[in-house]
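Down below is the structure, laid out as structure tokens.
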Amino acid sequence: MCLRYITPQQGKCVSVAQPAEVARRHPLQLWPNSYATARLMTRGNSAGCTTQHPSAWLRRGRKMTDAAQQPLPREAERVVLECGPLPIMHCQNNTMKRVRGQLNDLAGATLTDVLIAAGRIHSVQLADLAQPCDLGGAEYHLAPGFIDLQINGYAGVDFNDASTTPAQIAAAFRQLWRTGTTALLPTVITGSHAHIAQCFANLLRAADEFPEVARGMLGLHLEGPFISTEDGPRGAHPREHARPPDWDEFERWQDAARGQIRLVTLSPEWPEANAFIERAAAAGVIVAIGHTAATPAQIADAVKAGAGLSTHLGNGSHARIERHPNYIWEQLAADELSASFIVDGQHLPPAVVKCFLRCKGVARSILVTDAIAAAGCPPGRYRLGHIEVEVTPAGRVCLPGTAYLAGSVLEMHEAVANTVRYSEATLTDALRMASANPAALLGVHEQYGMLEAGRRADLILFRWDAPSATLDIAATISGGALVYDAACH
């Protein structure tokens, strides 16, 4: 454990207390061999988003002692508490850990033990009540960690800002653990060639420097710039940078990204689109249709060329379209296309969510957040790259003064709950749309997205209230590490 003091004058760490001293003064209830970092932040310091006053932080501590109630330094304006990723399997005696909860499947919920060793799932079995568990219990549910294929930023950190630092990106990844997200495709939207390249470079540097980013980043999503120039379909993407698909330009990005661009969203309305889709598919890059004004025939040709996904279907479209022959119906009818949906109550009305899921079916439906940097933060004005956006008190993200949506402030655990609330999907169905289905699309289903022996130990414990369809994350485990425990926050 460590305690870092930050002064208003210097804005940086000026002293580090010894672990034993911190443990004496500020004891916390932690999983064995995990750690906590308490960052005392000064006014104006933007590092970290989850903040508490020192007194509130101390009240959240467990096993309080008189020493723990000593006043914190006067220069500390606020405090950020983080539970960090020390692998739980690297214990001195190398013991196995037992995580217990209700596991949902088609037959219902079964109290289950997941045994974890060396960062992987050793076995999944009926709960052995004669054995104490290390985490969880009968009041919790178990599920694989969530995988978000489209996320532009989080907790004040913008993946589309060329000045974003690796440390800020790592902080966003850590904050996402509290939403149950353990893996993602950071998403970079339409911009100049140099801007997009710099945003990718920032993400790769973060993966090089921070293990939590390397562990959680399954690749990169390039949303644009090969999209429609029309208002409506273009959404919040800057018109001046929307352009036809260019394979040579994409290859320069891919080379710079070390082959990590796994997903590209484009519009097939461009004459160059089909050749691009064919080359991308041959190179193992998933092509998604989105931000498009394409005709039904152009949609069909894109599917034949190898497109495999519809990006946030029902959004990035005109406010008014032809009733029957249009690009939404064509994508709904194409069994070759999976579809991602932003289920936040803003992008798609509940009735539309219900109908779209009936059309695509559970197996071809994927939940995404399309979250921007403002997610996890209060209403106000924020930026998405070079674009100013506004978050209303109702949670709607739009271009100021317009009806055009510009991403979301949705969190993945909310998307799962909303899907159950708005449609006929069961909790099991919605969890699959946020884990197994995106893993299958990316081709990483042998390691991610399911709780089975031999897979990576990425899982969540959560509380589920069926009458209200609310889901609260209690703990998140990534690669066998307890990275988030609600009791510590």
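If I filter region 222-261 down to residues being touching a strand residue (DSSP E or B) at 6+ places or on another chain (Cβ under 9 Å) and more than 17 Å from Ala406 (Cα to Cα), which single residue comes out as surrounded by the most Cβ atoms within 10 Å (Cβ to Cβ)?
Phe226
Filter region 412-452 for residues that are closer than 24 Å to Ile286 by Cβ, touching a helix residue (DSSP H, G or I) at 6+ places or on another chain (Cβ under 9 Å) and of a type in the set (D, E, K, R) and give the result.
Hits for region 412-452 are Asp429, Arg432, Glu446.
Select from region 358-374 the residues that are more than 22 Å from Gly443 (Cα to Cα), outside any strand (DSSP E or B) and either open to solvent by less than 20 Å² (accessible area, probe 1.4 Å) or hydroxyl-bearing (Ser, Thr, Tyr) (or both) and list them in ascending order. Please lay out each step first, then the result.
The initial filter retains those residues of region 358-374 that are more than 22 Å from Gly443 (Cα to Cα), namely 358-359, 371-374.
Subset that is outside any strand (DSSP E or B): 358-359, 372-374.
The answer is Ile372, Ala373, Ala374.
In region 249-294, which residues are out of contact with any Phe, Trp or Tyr (no Cβ under 8 Å at 6 or more places or on another chain) and at pLDDT below 95?
Across region 249-294, there are no qualifying residues.
So which residues in region 297-333 are among the hydrophobic types (A, V, I, L, M, F, W, C), part of a loop (DSSP other than H, G, I, E, B) and in contact with a strand residue (DSSP E or B) (Cβ under 8 Å, 6 or more places away or on another chain)? Let's see the steps before the verdict.
Taking region 297-333 as the starting set, the residues that turn out to be among the hydrophobic types (A, V, I, L, M, F, W, C) are 297, 299-300, 302-303, 305, 307, 309, 313, 319, 321, 328-329, 332-333.
Those left that are additionally part of a loop (DSSP other than H, G, I, E, B): 307, 313, 319, 321.
Selection gives Ala307, Leu313.
Looking only at region 304-329, which residues are farther than 19 Å from Gly235 by Cβ, over 27 Å from the mean Cα position of the chain (by Cα) and at pLDDT 95 or above? Walk me through it before giving the result.
Going through region 304-329, the residues farther than 19 Å from Gly235 by Cβ turn out to be 304-306, 308, 322-325, 329.
Next cut, over 27 Å from the mean Cα position of the chain (by Cα) only: 304-305, 322-325, 329.
Lys304, Ala305, Trp329 - these are the residues of region 304-329 that are farther than 19 Å from Gly235 by Cβ, over 27 Å from the mean Cα position of the chain (by Cα) and at pLDDT 95 or above.
Could you list, in sequence order, the residues of region 388-422 that are part of a strand (DSSP E or B), open to solvent by less than 30 Å² (accessible area, probe 1.4 Å) and not small (Gly, Ala, Ser)? Quick ask: steps written out before the conclusion?
Taking region 388-422 and keeping what is part of a strand (DSSP E or B), we get 388-391, 397-398, 405, 408.
Keeping just the survivors that are open to solvent by less than 30 Å² (accessible area, probe 1.4 Å) gives 389, 391, 397-398, 408.
Val389, Val391, Val397, Cys398 - these are the residues of region 388-422 that are part of a strand (DSSP E or B), open to solvent by less than 30 Å² (accessible area, probe 1.4 Å) and not small (Gly, Ala, Ser).
Kindly indicate the residue of region 152-171 that is within 19 Å of His386 (Cα to Cα) and small (Gly, Ala, Ser) and also surrounded by the most Cβ atoms within 10 Å (Cβ to Cβ) among those meeting that condition.
Gly153
Considering only residues that are over 15 Å from Thr182 (Cα atoms) and within 13 Å of the chain's Cα centre (by Cα), which ones fall in region 120-156?
Asn152, Ala155
Which of the residues belonging to region 69-120 are more than 15 Å from Cys133 (Cβ to Cβ), open to solvent by less than 40 Å² (accessible area, probe 1.4 Å), at pLDDT 50 or above and in contact with a Ser or Thr (Cβ under 8 Å, 6 or more places away or on another chain)?
Asn104 - this is the single residue of region 69-120 that is more than 15 Å from Cys133 (Cβ to Cβ), open to solvent by less than 40 Å² (accessible area, probe 1.4 Å), at pLDDT 50 or above and in contact with a Ser or Thr (Cβ under 8 Å, 6 or more places away or on another chain).
Please go through region 172-206 and give me each residue that is under 25 Å from Asn437 (Cβ atoms), open to solvent by less than 20 Å² (accessible area, probe 1.4 Å) and not polar (S, T, N, Q), ordered by number.
Across region 172-206, the qualifying residues are Ala172, Phe173, Leu176, Trp177, Gly180, Ala183, Leu184, Leu185, Pro186, Val188, Ile189, Leu203.
Going through Thr402, Thr392 one at a time, which residue ends up being at negative phi and at pLDDT below 90? If you could, list the steps in order and put the result at the bottom.
Details: Thr392 fails: at pLDDT below 90.
The unique qualifying residue is Thr402.
Tell me, please, whether a residue that is β-branched (Val, Ile, Thr) and touching a Gly at 6+ places or on another chain (Cβ under 7 Å) can be found in region 398-406. Reasoning before the result, please.
Here is the first cut: in region 398-406, the ones β-branched (Val, Ile, Thr) are 402.
Narrowing further to those that are touching a Gly at 6+ places or on another chain (Cβ under 7 Å): none.
The answer is no, given that none of the residues of region 398-406 is β-branched (Val, Ile, Thr) and touching a Gly at 6+ places or on another chain (Cβ under 7 Å).
I need a count of the residues in region 428-448 that are in a helix (DSSP H, G or I), more than 18 Å from the chain's Cα centre (by Cα) and over 14 Å from Phe356 (Cβ atoms). Can you show your working first?
Step one: of region 428-448, the residues in a helix (DSSP H, G or I) are 428-433, 436-442.
Those still in the list that are more than 18 Å from the chain's Cα centre (by Cα) too: 428-429.
With over 14 Å from Phe356 (Cβ atoms) added as a condition, the list becomes 428.
Selection size over region 428-448: 1.
Residue-by-condition table, conditions (1) of a type outside the set (Asp, Glu); (2) touching a helix residue (DSSP H, G or I) at 6+ places or on another chain (Cβ under 6 Å); (3) over 21 Å from Ser338 (Cα atoms):
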position	(1), (2), (3)
Trp247	yes, yes, yes
Glu251	no, no, yes
Ala256	yes, yes, yes
Trp270	yes, no, yes
Ile277	yes, yes, no
Ala283	yes, no, no
Ala294	yes, yes, no
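Does Ile342 qualify as being at negative phi and crowded, with 18+ Cβ neighbours inside 10 Å?
Values: at negative phi: yes; crowded, with 18+ Cβ neighbours inside 10 Å: yes.
Yes.
Restricting attention to region 348-357, and to residues there that are out of contact with any Gly (no Cβ under 7 Å at 6 or more places or on another chain) and surrounded by fewer than 22 Cβ atoms within 10 Å (Cβ to Cβ), which single residue is nearest to Val397 (Cα to Cα)? Quick ask: steps written out before the conclusion?
Let us first name the residues in region 348-357 that are out of contact with any Gly (no Cβ under 7 Å at 6 or more places or on another chain), namely 349-351, 353-355, 357.
Checking which are surrounded by fewer than 22 Cβ atoms within 10 Å (Cβ to Cβ) leaves us with 349-351, 354-355.
Details: Pro349: 15, Pro350: 18, Ala351: 21, Lys354: 22, Cys355: 24 Å.
Going through the qualifying residues, I end up with Pro349.
Would you point out which residue out of Ala453, Ala487 is part of a loop (DSSP other than H, G, I, E, B) and open to solvent by 30 Å² or more (accessible area, probe 1.4 Å)? Full working, then the answer.
Details: Ala487 fails: part of a loop (DSSP other than H, G, I, E, B).
Sole residue among the options that is part of a loop (DSSP other than H, G, I, E, B) and open to solvent by 30 Å² or more (accessible area, probe 1.4 Å): Ala453.
Given the conditions (1) of a type in the set (A, V, I, L, M); (2) outside any loop (DSSP other than H, G, I, E, B); (3) touching a residue at least 60 places away in the same chain (Cβ under 8 Å), which single one is not true for Val343?
Unmet for Val343, out of (1) of a type in the set (A, V, I, L, M); (2) outside any loop (DSSP other than H, G, I, E, B); (3) touching a residue at least 60 places away in the same chain (Cβ under 8 Å): (2).
Determine whether Ala475 is in contact (Cβ under 8 Å) with a residue 60 or more places away in the chain, assigned to a helix (DSSP H, G or I) and open to solvent by less than 10 Å² (accessible area, probe 1.4 Å). Break it down into steps so the answer makes sense when it comes.
Working: in contact (Cβ under 8 Å) with a residue 60 or more places away in the chain: yes; assigned to a helix (DSSP H, G or I): no; open to solvent by less than 10 Å² (accessible area, probe 1.4 Å): yes.
Here the answer is no, as Ala475 does not meet what is asked.
Does Ala425 count as buried (at least 21 other Cβ atoms within 10 Å of the Cβ) and under 18 Å from the mean Cα position of the chain (by Cα)? Lay out the reasoning, then the answer.
Values: buried (at least 21 other Cβ atoms within 10 Å of the Cβ): yes; under 18 Å from the mean Cα position of the chain (by Cα): no.
Here the answer is no, as Ala425 does not meet what is asked.
Determine whether Thr476 is in contact with a strand residue (DSSP E or B) (Cβ under 6 Å, 6 or more places away or on another chain), over 26 Å from Ala339 (Cβ atoms) and of a type in the set (Ser, Thr, Tyr). Spell out how you get there, then give the answer.
Values: in contact with a strand residue (DSSP E or B) (Cβ under 6 Å, 6 or more places away or on another chain): yes; over 26 Å from Ala339 (Cβ atoms): yes; of a type in the set (Ser, Thr, Tyr): yes.
So Thr476 passes the test.
The values are calculated or read from the model by the stated rules, or taken from the named source; none is laboratory data. Everything numeric here is computed off the predicted structure, so don't read it as measured data. No Cβ is skipped: glycine too gets one built from the backbone with ideal geometry, and neighbour counts run over all protein chains shown. Remember, those area values only see protein heavy atoms, side chains included, never the ligands or the DNA or RNA. Shrake-Rupley method; radii C 1.70, N 1.55, O 1.52, S 1.80 Å.
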